[in-house]
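Working notes, beginning with the structure itself.
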Amino acid sequence: MEPLSQHLPIDQCFPRLWFERLVIFSEPDEAHVVRTIPLHRGLNLVWAKEPAAGSATGTRAAGHGVGKTSLCLLLRFCLGDISKAVADLREELLGEFAQGGVIAVIHADGQPFTLCRYFNPHKEGIACTGTDTAGIWNRPAEDSDRAFLKKLADGMMGRVFPKNIPETNQPIEWKHVLAWISRDQGSRFKSFFAWREGEGTGLQRRQKDPPIVMRAVLGLLDRGESDLLVRIAALEEDLKRSQQKTEVLLQEPTLIRHRIESNLRARGNLPDDFPIRTDDLFADSVEQHIKVASEEAAARLATWNAKQEKDDQAVADLRANLKNLQNEFDRAQSEYDLADAAKRQDEDAFRAIGTQLLNLRQLSGHCEEGNLPFSQCQHVQAEIAKLEQASLHDVRDKKNLQQVMADSAARAGGALARKNDLQQKIEAMQRQEKLLVAAQQKTRLARRTAEIEANRWPDLLDELDRWERAAGSTQAQADINASHMESDRIEGELNSARTKLALLQQNRSEREKTLAHITDDLTRQLLPDGAIGTFDPRDEARPFRLSMRGGEAYRVLEVLLGDIACLLDSASPESALPGLFIHDCPREADMSTGLYENYLSLIDLLQKERRMDGEPHFQYIITTTTPPPTALQNKDVCLTLYPSSEEGLLFGKRFHDGRRMSLEGTEELH
């Protein structure tokens, strides 16, 4: 172990995060504590001890379904994990222990805290400083459980650099680190970056982002490399946009021409293979069809223009005649009213109507009956003289008024007949006006349609001519050349940035060399017969590798040794790793009993070598059904679970709704 000790950091004497105790309670008082689990720095083994062969049957004969995975999920729950597996366990435990919860004594950056969380997600927990769990339920809260976990997450992430994934700018969060240090048992340690099974880690890029999170947490992503990654991502986006612009400029003429030609063919109902233009005077083409159609449309427009002019004149003439006829009707109405008043011997009405009639007679106009102006009509002039006489002298000459009224009354029948005749003529002309206006509207609509049709064909041909003049123009080619030059410029900058990144990555930092030495020394210590361990932080699949053949057993061991190398390095000030790992049954069945025992013995040796203040600078919690080495069974087993009895189970009883088996059942694969 001497070579290994030379490369291990000594800067930090305690893990940044570790558990001292875990208490499960069914109700919030001391009398209902279900189980208390003491934990310590260094190796903590949770052993599901199977009974001797033949002494038990069924579920009582195997170390599965006893609570190992549930314990790991409870630890994750106390660290703020909100994954589906934790939520499912919380829901199930709420059904079993409606008032229950869990208490954890947690040390964070050298400060002890006691956290109480309930299985009921709607019930707020509490957090206090110190390690005293007695009466925690009745103690004044210094913080709520959620507020404490928020501060814990912020504190654990304080040293992580960069704070965001360089290429995507996604924040690197505590939940991503928590996924790494407490791998899902369902992921089965199949690869180093397989942290969560099913729901994933929440990172945007499943393959590229976990390695960046690892490097950021381990302090292996310096500012220069981070800036280059950001720069490369931005240049890649710029190049993509520039190339798309160039492609649009190149395709634009073709697309425009295709649109115009499609519209021309569709307008003429012509097949797609019909030529737009042709030099053969006798061959048919779209252009010839357009010219013929355009001439026909222009002829139709001229016809409708003439028709509209004729209809407009007819309506105007009719309305002028109707106006004159209406004036005649108004005079006839007055004559009749005058005669009627005379018949009724209504002198006042007669004089008023006579005055009104006189005014009408004095109007300029044309008499329809005599076919001459009113000023030359003898009948009109005679009426005017009588009315004037009645109007001027009736007061002095009563007999004269009576005579005029008698004459007027005698004309009542003729006045009525004249009025009714004019009324019929007006109604006939109004009906004719409606017909003419309707015809006029139809003509206008047809004329507008013909105008649009006449202009549509030349517009398309003009657009085609403009396109042909501009398609190969100097300006169009200049735009394409400028876009090509911009793409070339961006590509040059991108290649330069990639070269700088490659050179920077080739120059391995001291941090990388230290982790590589730790990995190799761990490998040589565990497999002294020529195995070599390597570390490449930029490998997106297997950053930690063992140079030997051995199938799944060594692939799992590769993942375990990678985590342990990072755990040992967590004492370095450059590392932001909390110094805590939780491994739930790391597929010990895939390794031989001897190899698995040697692995646990190596951890024991490391915790002895790395004691600073009398205790190791890390905490490693691991569950197992395989018996640990005899030397570890007394001092490093923090909890022994027994499937053969109810009291030996984590919660002191079996759950009979089948859900406990669904959470713990995956252990049976191992």
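Out of everything in region 477-513 that is under 20 Å from A234 (Cα atoms) and basic (K, R), what residue ends up being modelled with the highest pLDDT? Let's see the steps before the verdict.
As a first pass, look at region 477-513 and keep what is under 20 Å from A234 (Cα atoms): 483-505.
Restricting the remaining residues to those that are basic (K, R) gives 489, 498, 500.
Details: R489: 89, R498: 82, K500: 76.
Ranking the candidates gives R489 first.
Between A531, A541, A497, which is touching a residue at least 12 places away in the same chain (Cβ under 8 Å), out of contact with any strand residue (DSSP E or B) (no Cβ under 9 Å at 6 or more places or on another chain) and part of a loop (DSSP other than H, G, I, E, B)? Walk me through how you get there before you give the answer.
Numbers: A531 fails: out of contact with any strand residue (DSSP E or B) (no Cβ under 9 Å at 6 or more places or on another chain); A497 fails: part of a loop (DSSP other than H, G, I, E, B).
A541 is the lone residue from the list that is touching a residue at least 12 places away in the same chain (Cβ under 8 Å), out of contact with any strand residue (DSSP E or B) (no Cβ under 9 Å at 6 or more places or on another chain) and part of a loop (DSSP other than H, G, I, E, B).
Restricting attention to region 15-31, report how many residues are at pLDDT 95 or above and assigned to a helix (DSSP H, G or I).
The total comes to 0.
For (1) modelled with pLDDT of 80 or more; (2) in the same structural domain as A576 (by TED's automatic domain parsing); (3) not β-branched (V, I, T), each residue gets a yes or a no:
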| position | (1), (2), (3) |
| --- | --- |
| E199 | no, yes, yes |
| R205 | yes, yes, yes |
| V213 | yes, yes, no |
| L218 | yes, yes, yes |
| A234 | yes, no, yes |
| S242 | yes, no, yes |
| V248 | no, no, no |
| P253 | no, no, yes |
| I256 | no, no, no |
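Please pick out the residue among F655, F651 that is at pLDDT 90 or above and of a type in the set (F, W, Y).
Numbers: F655 fails: at pLDDT 90 or above.
Result of the check over F655, F651: F651.
If E96 meets every condition in (1) at pLDDT below 95; (2) touching a Phe, Trp or Tyr at 6+ places or on another chain (Cβ under 8 Å); (3) within 30 Å of L568 (Cα to Cα) apart from one, which number is that one?
The number of the failed condition is (3).
Could you tell me whether region 149-162 includes any residue that is over 30 Å from P211 (Cβ atoms), in contact (Cβ under 8 Å) with a residue 12 or more places away in the chain and not in a loop (DSSP other than H, G, I, E, B)? Don't jump to the end; show me each part of the working.
Quick first cut of region 149-162, residues over 30 Å from P211 (Cβ atoms) only: none.
No.
For G100, indicate whether it is in contact with a strand residue (DSSP E or B) (Cβ under 9 Å, 6 or more places away or on another chain) and on the phi > 0 side of the Ramachandran plot. Give the derivation first.
Working: in contact with a strand residue (DSSP E or B) (Cβ under 9 Å, 6 or more places away or on another chain): yes; on the phi > 0 side of the Ramachandran plot: no.
Against the criterion (in contact with a strand residue (DSSP E or B) (Cβ under 9 Å, 6 or more places away or on another chain) and on the phi > 0 side of the Ramachandran plot), G100 does not qualify.
This table checks each residue for (1) surrounded by 14 or more Cβ atoms within 10 Å (Cβ to Cβ); (2) part of a loop (DSSP other than H, G, I, E, B); (3) modelled with pLDDT under 95; (4) of a type in the set (S, T, N, Q).
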site: A56; (1), (2), (3), (4): yes, yes, yes, no
site: G63; (1), (2), (3), (4): yes, yes, yes, no
site: F113; (1), (2), (3), (4): yes, no, no, no
site: C116; (1), (2), (3), (4): yes, no, no, no
site: P140; (1), (2), (3), (4): no, yes, yes, no
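Among what's in region 20-37 and is within 20 Å of R139 (Cα to Cα) and of a type in the set (A, V, I, L, M, F, W, C), pick the residue that is surrounded by the fewest Cβ atoms within 10 Å (Cβ to Cβ).
Only one residue fits best here, namely A31.
Considering each of V248, V213, V217, V230 in turn, give the residue that is of a type outside the set (D, E), part of a helix (DSSP H, G or I), within 27 Å of the chain's Cα centre (by Cα) and surrounded by 19 or more Cβ atoms within 10 Å (Cβ to Cβ). Break it down stepwise before answering.
Numbers: V248 fails: surrounded by 19 or more Cβ atoms within 10 Å (Cβ to Cβ); V217 fails: within 27 Å of the chain's Cα centre (by Cα); V230 fails: surrounded by 19 or more Cβ atoms within 10 Å (Cβ to Cβ).
None of the others qualify; the one that does is V213.
Do the conditions hold for V315, that is, is it assigned by TED's automatic domain parsing to the domain that holds K442 and modelled with pLDDT under 80? Show your work before the answer.
Details: assigned by TED's automatic domain parsing to the domain that holds K442: yes; modelled with pLDDT under 80: no.
Criteria not met by V315.
Select from region 628-644 the residues that are touching a residue at least 60 places away in the same chain (Cβ under 8 Å) and assigned to a loop (DSSP other than H, G, I, E, B) and write down the one among them that is surrounded by the fewest Cβ atoms within 10 Å (Cβ to Cβ).
Taking region 628-644 first, the residues touching a residue at least 60 places away in the same chain (Cβ under 8 Å) are 628, 632-633, 636-644.
With the extra rule that they be assigned to a loop (DSSP other than H, G, I, E, B), the set shrinks to 628, 633, 636, 642-644.
On the way: P628: 21, Q633: 14, D636: 21, Y642: 18, P643: 23, S644: 20.
Applying the filter and picking the extreme gives Q633.
For E433, are the conditions met, namely being modelled with pLDDT of 80 or more, part of a helix (DSSP H, G or I) and in the same structural domain as E328 (by TED's automatic domain parsing)? Even if it seems obvious, please write down each step before you answer.
Numbers: modelled with pLDDT of 80 or more: yes; part of a helix (DSSP H, G or I): yes; in the same structural domain as E328 (by TED's automatic domain parsing): yes.
When the stated conditions are applied, E433 passes them.
The values are calculated or read from the model by the stated rules, or taken from the named source; none is laboratory data. These numbers were taken from a predicted model, which means no experiment stands behind them. When we count neighbours, we look across all protein chains shown, and the Cβ atoms used for this are built from the backbone with ideal geometry, even at glycine.
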